[in-house]
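Comments concern the structure below.
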């Protein structure tokens, strides 16, 4: 009987630890990714800069990573122009569906940087919830993120919008059993 108790305790511990995630699974946003083309207004001879943007998720506070509860947004900037492009992380802004602005993000890399022609760069931004606030204090049915880049020395502001998706669970297999001529499924 002692071995049965150990097996049950181990199974319980694995179930608890295996289900721990830094992301709150109630908040899933799409589309993933949003493809945004940014170009200098009136410039028809230069290809636009392509930015892929995704809302990774709503993160719980993570002491190990030293991050507060926040919304994680990831950018991939692809410079297809012949000129250098400057991405300014300090220009990032996130708005909820009720138009509340989140505080300035924790960004990696934190300073403006150049993306050379035919190169790409990834930016991770963590928009913290204000002190004492939680996801329930915001209308997270939608999000809009805005950023500014300098393309050929000209500032260009772009944005991407996301909608909260309600995940529906469908079991992979239904269970069937029959008695006589009837068949029951669920």
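A short reminder: the numbers here are calculations on the coordinates, not readings from a lab. Everything numeric here is computed off the predicted structure, so don't read it as measured data. Backbone-built Cβ (ideal geometry, glycine too); neighbour counts: all protein chains shown.
Data overview
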| item | result |
| --- | --- |
| Part-to-part distance (alpha-carbon centres) for the range 87-163 and the range 23-37, which is given in Å | 13 |
| Highest-first arrangement of 77-86, 49-58, 63-72, where packing means the average Cβ count within 10 Å | 49-58, 77-86, 63-72 |
